[in-house]
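Engineer: One structure is given below, represented as structure tokens, and several questions about it will come after.
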Amino acid sequence: MDFGFDAADEEFRARARRWLDERLGPGGAFADLHGVKAPEDADRRRAWERELGTGGWIGLGWPEDSLTRQVVWFEEYARAGAPDPLGIVGEQLLAPTLLLHGTPAQRERYLPGIASGTEIWCQGYSEPDAGSDLANVRTSAEPEAGGGWLVSGQKTWTSLSQWADWCFVLARTEPGSRRHTGLSLLLLPMHQERGRIEVRPIRQLDGVSEFSEVFFDRARVVDVLGAVGDGWRVAMTLLSFERGAGMLGRQIGYRRELDAVLRAAANSGADRDPVLREALTRQWADLWVMRANALRTLGRAEPGTAAVAKLVWGNWHQRLGELALQVQGLPGAFAGGRAHDPEAYPLTPAQHTLLFSRADTIYGGSDQIQRNIIAERVLGLPR
Ligand SMILES: Cc1cc2nc3c(=O)[nH]c(=O)nc-3n(C[C@H](O)[C@H](O)[C@H](O)COP(=O)(O)OP(=O)(O)OC[C@H]3O[C@@H](n4cnc5c(N)ncnc54)[C@H](O)[C@@H]3O)c2cc1C
């Protein structure tokens, strides 16, 4: 496969760079969001999402687009220090799944809201007793008189749900069903008049709340993605995007974080320490391997390749978090940055990377689960 950029890609890059710089650069309408990581200011982040939509930058890969253009966009997005998009779940996870499993009417209904940045989605999979063991889902849905479904139960660790307009919920639609059978992937609005949905934000180590517990009490479902009872298969397709290709943008963004660590190492003199120097070089080389692997698997929803990708990028980012502080030495550990919240410990970007990266080997399926998938489904080893 050729990952080179041609003249049209470079013209596209120049356009993307100009567009981003005009908005995020000094004096730009969104300069306050430059370099921001956590979704602190929901109104501004929503406005940014809509700006991306108006610019036509969301959904570049649907249904099929140039692979290199997506890569160019992600590279420029990271280079500009643009914030992590609030719409990532809709754009990177739900949209490709809709393209595979959705009806034409569903694609027509949901893709435009995602592409315009006006409809933010969250992922309702995990429950208190159904994380790695997702087939243990207890949230259930009962048929509603006149058609449709009503969902009741609890989800947890639901990222971005405080800001979401929609949620896709893995729920049991067949009473008495067990494990992978009798599940459906249900689409429902987070703000509704009849059913009750309560979102309780979970406060993280770094003081912010990016995810929440979500309680559903006879919440109204407006659509089922895939056939009723076939939710496990649809949910797994979506997970493959989460572990593999859907994270391409984030992986490309890692380059910027690595550059910051390399600069910090040069400033502190840590790059003259042979042990740290070797670790930094390895980190740099591994990023190139990861990038090539991500490009190779882009658009594929295979459990094996996605599991390998997830293992590699999760651990890479975790090592980067450790290196980020190591190269700064003791001052890096004690320095405080901008406070998200007056009561929280003020974190520097390096401290944020270290703490957030602890989650990289958990969300989207932990390392142990990825290894189980590789062992059983790729290598054919016994359970
Ligand atoms: C930052 C973050 C964001 C998240 N966002 C979302 C979201 O938006 N939506 C959502 O639905 N979920 C989300 N999650 C939840 C995430 O998917 C779960 O945390 C993850 O699947 C692990 O489940 P658990 O926390 O219940 O841990 P458990 O399943 O209880 O696992 C605990 C430990 O046991 C190990 N373990 C479990 N089973 C096995 C096994 N069979 N073999 C070997 N080891 C095993 C695990 O690897 C882990 O180390 C998020 C999590 C994080 C950290």
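The values are calculated or read from the model by the stated rules, or taken from the named source; none is laboratory data. Computed from a prediction, not measured in an experiment: that's the story for all the values here. Counting neighbours? That spans all protein chains shown, and the Cβs are built from the backbone with ideal geometry, glycine included. Surface accessibility is based on the protein's heavy atoms, side chains included, excluding ligands, DNA and RNA. Shrake-Rupley method; radii C 1.70, N 1.55, O 1.52, S 1.80 Å.
Engineer: Before we move on, is LEU187 more than 24 Å from ALA359 (Cβ to Cβ), assigned to a strand (DSSP E or B) and open to solvent by less than 30 Å² (accessible area, probe 1.4 Å)?
Structural biologist: It is true that LEU187 is more than 24 Å from ALA359 (Cβ to Cβ), assigned to a strand (DSSP E or B) and open to solvent by less than 30 Å² (accessible area, probe 1.4 Å).
Engineer: Also: Go through the stretch 136-171 and give me each residue that's within 20 Å of HIS101 (Cα to Cα) and either surrounded by fewer than 20 Cβ atoms within 10 Å (Cβ to Cβ) or within 15 Å of the ligand (Cβ to nearest atom) (or both).
Structural biologist: If the condition is that a residue be within 20 Å of HIS101 (Cα to Cα) and either surrounded by fewer than 20 Cβ atoms within 10 Å (Cβ to Cβ) or within 15 Å of the ligand (Cβ to nearest atom) (or both), then GLY148, TRP166, CYS167, PHE168, VAL169, LEU170, ALA171 are the ones that fit.
Engineer: Tell me which residues, restricted to the stretch 102-135, are in contact with a Ser or Thr (Cβ under 9 Å, 6 or more places away or on another chain), over 30 Å from ARG179 (Cβ atoms) and buried (at least 17 other Cβ atoms within 10 Å of the Cβ).
Structural biologist: Scanning the stretch 102-135 gives SER116, GLY117.
Engineer: What are the pairs with Cβ atoms under 8 angstrom where one residue, in the stretch 253-268, is assigned by TED's automatic domain parsing to the domain that holds ASP286 and the other, located anywhere, is at pLDDT 95 or above and of a type in the set (Val, Ile, Thr)? Sequence gap at least six, or different chains.
Structural biologist: VAL261/VAL327; ALA264/VAL327; ALA265/VAL327; SER268/VAL327
Engineer: How about the stretch 18-36: which of its residues are over 10 Å from ALA80 (Cβ atoms), assigned to a loop (DSSP other than H, G, I, E, B) and open to solvent by 80 Å² or more (accessible area, probe 1.4 Å)?
Structural biologist: Listed by number, the residues that qualify are PRO26, GLY27.
Engineer: Which members of the stretch 56-67 meet the condition of being surrounded by fewer than 20 Cβ atoms within 10 Å (Cβ to Cβ) and modelled with pLDDT under 90?
Structural biologist: Within the stretch 56-67, LEU60, TRP62, PRO63, GLU64, ASP65, SER66, LEU67 qualify.
Engineer: Condition first: open to solvent by 50 Å² or more (accessible area, probe 1.4 Å) and without any contact (Cβ under 8 Å) to a residue 24 or more places away in the chain. Now tell me which residues in the stretch 270-299 satisfy that.
Structural biologist: Within the stretch 270-299, ARG272, ASP273, PRO274, VAL275, ARG277, GLU278, THR281, ARG282, TRP288, VAL289 qualify.
Engineer: Among the residues of the stretch 77-88, are any within 29 Å of LEU24 (Cβ to Cβ), part of a helix (DSSP H, G or I) and within 16 Å of the ligand (Cβ to nearest atom)?
Structural biologist: Within the stretch 77-88, one or more residues are within 29 Å of LEU24 (Cβ to Cβ), part of a helix (DSSP H, G or I) and within 16 Å of the ligand (Cβ to nearest atom).
Engineer: Let me ask you something else. Restricting to the stretch 120-135, name every residue that is free of Cβ contacts under 8 Å to residues at least 40 places away in the same chain and either among the charged types (D, E, K, R) or part of a helix (DSSP H, G or I) (or both).
Structural biologist: GLU127, ASP129, ASP133
Engineer: So which residues in the stretch 216-252 are among the aromatic types (Phe, Trp, Tyr) and in a helix (DSSP H, G or I)?
Structural biologist: Answer for the stretch 216-252, where residues must be among the aromatic types (Phe, Trp, Tyr) and in a helix (DSSP H, G or I): TRP232, PHE241.
Engineer: Looking at ALA324, ALA359, can you tell me which residue is at pLDDT 85 or above, away from the ligand (no atom under 16 Å from the Cβ) and assigned to a helix (DSSP H, G or I)?
Structural biologist: ALA324
Engineer: In addition: Quick one: in the stretch 202-220, which of the residues that are at pLDDT 95 or above and not hydrophobic (A, V, I, L, M, F, W, C) is surrounded by the most Cβ atoms within 10 Å (Cβ to Cβ)?
Structural biologist: Taking the candidates together, the pick is SER212.
Engineer: Another question, then. Could you grab me the full set of residues in the stretch 190-201 that are within 15 Å of the ligand (Cβ to nearest atom), open to solvent by 60 Å² or more (accessible area, probe 1.4 Å) and over 19 Å from the mean Cα position of the chain (by Cα)?
Structural biologist: Matches in the stretch 190-201: ARG200 only.
Engineer: Can you tell me which residue is least open to solvent (accessible area, probe 1.4 Å) among those in the stretch 362-383 that are within 8 Å of the ligand (Cβ to nearest atom) and more than 15 Å from the chain's Cα centre (by Cα)?
Structural biologist: By that ranking, first place goes to ASP367.
Engineer: Only residues that are buried (at least 18 other Cβ atoms within 10 Å of the Cβ) and among the aliphatic types (A, V, I, L, M): list them for the stretch 302-337, please.
Structural biologist: Listed by number, the residues that qualify are ALA306, ALA307, VAL308, ALA309, LEU311, LEU320, LEU323, ALA324, LEU325, VAL327.
Engineer: If you don't mind, another one. Polar (S, T, N, Q) and open to solvent by 40 Å² or more (accessible area, probe 1.4 Å) - does that describe any residue in the stretch 91-100?
Structural biologist: Looking through the stretch 91-100, none of the residues is polar (S, T, N, Q) and open to solvent by 40 Å² or more (accessible area, probe 1.4 Å).
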